[in-house]
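To keep things clear, I will list the structure first and then write my remarks on it.
Just so it is clear, none of the values below were taken in a lab; they were calculated from the coordinates. Nothing here was measured: the structure is a model prediction, and the numbers come from that model. Heads up, the Cβs are rebuilt from the backbone with ideal geometry, glycines too, and the neighbour counts pull from every protein chain shown.
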Amino acid sequence: MVRTSSTMLPLGTQAPAFSLPDLDGHMTSLDDWKNAKGYLIMFICNHCPFVIHVRHELSKIGNEYQNKGVAVIAVNSNDVANYPDDSPEKMKIFAAENEFTFPYLYDESQETAQAYRAACTPDFFLFDGDKKLVYRGQLDDSRPGNEHPVDGRDLRAALDAVIAGRPVSPDQKPSLGCNIKWKPGNAPT
């Protein structure tokens, strides 16, 4: 495991478009949510200890904020040839075990991760209703092995601001997790 921080894509960036298969093979894109109050894109995977550490909070956030009008989407961009625990078949199991109510998409080409400049799992990108980036960073201060609670404090504050139509604080800490498992030749330079 290589501890990697978010690249911190510039605030105000327009959400890159994508069309990726969900766990049943149906193509999913941002355009599937026409009137969302916000768009939360989470780059996660099945095997990363950082994701496993926060998986229950991800499920809670998904349930809570989907009900408040936010489009919540998880994307797995890892190279499954070298990391078979992240295969679409195992994604289906992971999503069911953790009661994910949001789409969990497979980015086989890794083009979506590249477009978002995703660097780690988990990596969070929150866009407002106009699909402009307002938050990129950590879920909270919790990490495997530290004593901080997994409460989603940082991400929840940003989500609450978007829903209320308030500006999101620009004081944002990068997420920290395992590096995305790039296919040979796909790693960003």
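Between a first residue in the stretch 166-183 that is farther than 12 Å from PHE43 by Cα and a second residue that is of a type in the set (A, V, I, L, M) and assigned to a loop (DSSP other than H, G, I, E, B), which pairs have beta carbons less than 6 Å apart while being 6 or more apart in sequence or on different chains?
Pairs found: PRO174/MET8.
Name the one entry in ALA113, ALA158 that is under 19 Å from GLY69 (Cα atoms), in contact (Cβ under 8 Å) with a residue 12 or more places away in the chain and not in a loop (DSSP other than H, G, I, E, B).
Of the residues listed, the single one that is under 19 Å from GLY69 (Cα atoms), in contact (Cβ under 8 Å) with a residue 12 or more places away in the chain and not in a loop (DSSP other than H, G, I, E, B) is ALA158.
If we scan the stretch 128-135, do we find a residue that is surrounded by 16 or more Cβ atoms within 10 Å (Cβ to Cβ) and either aromatic (Phe, Trp, Tyr) or closer than 24 Å to ASP24 by Cα (or both)?
There is at least one residue in the stretch 128-135 that is surrounded by 16 or more Cβ atoms within 10 Å (Cβ to Cβ) and either aromatic (Phe, Trp, Tyr) or closer than 24 Å to ASP24 by Cα (or both).
Just one of PRO149, PRO184, PRO170 is of a type outside the set (Asp, Glu), in a loop (DSSP other than H, G, I, E, B) and closer than 27 Å to ASP107 by Cα; which is it?
Sole residue among the options that is of a type outside the set (Asp, Glu), in a loop (DSSP other than H, G, I, E, B) and closer than 27 Å to ASP107 by Cα: PRO184.
Limited to the stretch 119-155, what total is found for residues that are β-branched (Val, Ile, Thr) and either without any contact (Cβ under 8 Å) to a residue 12 or more places away in the chain or farther than 12 Å from LEU40 by Cβ (or both)?
The total comes to 2.
Filter the stretch 60-91 for residues that are under 12 Å from the mean Cα position of the chain (by Cα) and of a type in the set (Gly, Ala, Ser); which is nearest to PHE127 (Cα to Cα)?
Among those residues, the one meeting the criterion is ALA71.
Would you kindly identify the strands (runs of 3 or more DSSP E) lying entirely within the stretch 1-94 that contain at least 1 residues that are without any contact (Cβ under 8 Å) to a residue 24 or more places away in the chain and surrounded by fewer than 18 Cβ atoms within 10 Å (Cβ to Cβ)?
19-21, 27-29
Pick from the stretch 121-146 the residues that are in a strand (DSSP E or B) and among the aliphatic types (A, V, I, L, M): which of them is nearest to GLN66 (Cα to Cα)?
To start, the set of residues in the stretch 121-146 that are in a strand (DSSP E or B) comprises 121, 123-128, 132-137.
Subset that is among the aliphatic types (A, V, I, L, M): 126, 133-134.
Numbers: LEU126: 13, LEU133: 18, VAL134: 18 Å.
Looking at the filtered set, the residue picked out is LEU126.
Taking LYS173 as the residue in question, decide whether it is within 26 Å of ASP31 (Cβ to Cβ) and either surrounded by 21 or more Cβ atoms within 10 Å (Cβ to Cβ) or of a type in the set (D, E, K, R) (or both). Full working, then the answer.
Working: within 26 Å of ASP31 (Cβ to Cβ): no; either surrounded by 21 or more Cβ atoms within 10 Å (Cβ to Cβ) or of a type in the set (D, E, K, R) (or both): yes.
Taking the combined requirement at face value, the residue does not satisfy it.
Go through the stretch 1-30 and give me each residue that's among the small types (Gly, Ala, Ser) and within 17 Å of ALA113 (Cβ to Cβ).
Hits for the stretch 1-30 are SER5, SER6, ALA15, ALA17, SER19, SER29.
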